[in-house]
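The block underneath contains the structure these notes are about, expressed in structure tokens.
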Amino acid sequence: MEAEKQLFELEVDHLSTDELMETSRWQRMLGLVIVLSMALLLIALLVGWNQISSLAGESMGAGGSQAAMAFIVVILLLVAAVAVIMAGLLIRGATRMKTALRTKEQALFNNGLNDLKIFFIIYGVISILGLLGTLGSFLF
């Protein structure tokens, strides 16, 4: 039983620990930048609501502006929600990785890497959808 426990313990040399700690710092910073940018987007939306509403009213007429504004708000809130979820994964993964490197816990380190993996899966799906949208705009 003791040999099995030693087999799966987290053993990382000093150079790799430093690199992984630096990676987790950058990962956390990127997560915080995403959260701050989404907060700024929502503040800008609230501050410029009247301007956006008047521009939508001029371009679509009186009847279509309410539907267009509702659609814009739903899309922006959806984008903000996905971005905040992705930022949460980055921050939680960075915290888990940093704690695991300090305490030498393999399971916590694996959970941190799993959070990073989920972030990249979501990012990859969004990138593929963006690429398909761009290709679709060229074809149609």
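The values are calculated or read from the model by the stated rules, or taken from the named source; none is laboratory data. Keep in mind it's a predicted model, so treat the numbers as computed, not measured. Methodologically, a virtual Cβ is constructed for each residue, glycine included, from the backbone with ideal geometry; neighbour enumeration extends over all protein chains shown.
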Practice prompt. Determine which member of the set 99, 134, 103 is over 24 Å from residue 21 (Cβ atoms) and either surrounded by 17 or more Cβ atoms within 10 Å (Cβ to Cβ) or among the β-branched types (Val, Ile, Thr) (or both).
Written response: 134
Fill in: Selection within segment 65-96 - at pLDDT below 85 and surrounded by 13 or more Cβ atoms within 10 Å (Cβ to Cβ)
65, 66, 68, 69, 72, 73
Worksheet item: In segment 12-50, which residue that is at pLDDT below 85 and either loosely packed, with under 10 Cβ neighbours inside 10 Å or in contact with a His (Cβ under 7 Å, 6 or more places away or on another chain) (or both) is nearest to residue 78 (Cα to Cα)?
Response: 50
Worksheet item: Of 91, 52, 43, 75, which residue is part of a helix (DSSP H, G or I) and closer than 30 Å to residue 109 by Cβ?
Response: 91
Item to complete: Consider residue 2 carefully, then state whether it is closer than 30 Å to residue 104 by Cβ, modelled with pLDDT of 75 or more, surrounded by fewer than 12 Cβ atoms within 10 Å (Cβ to Cβ) and not aromatic (Phe, Trp, Tyr).
Response: no
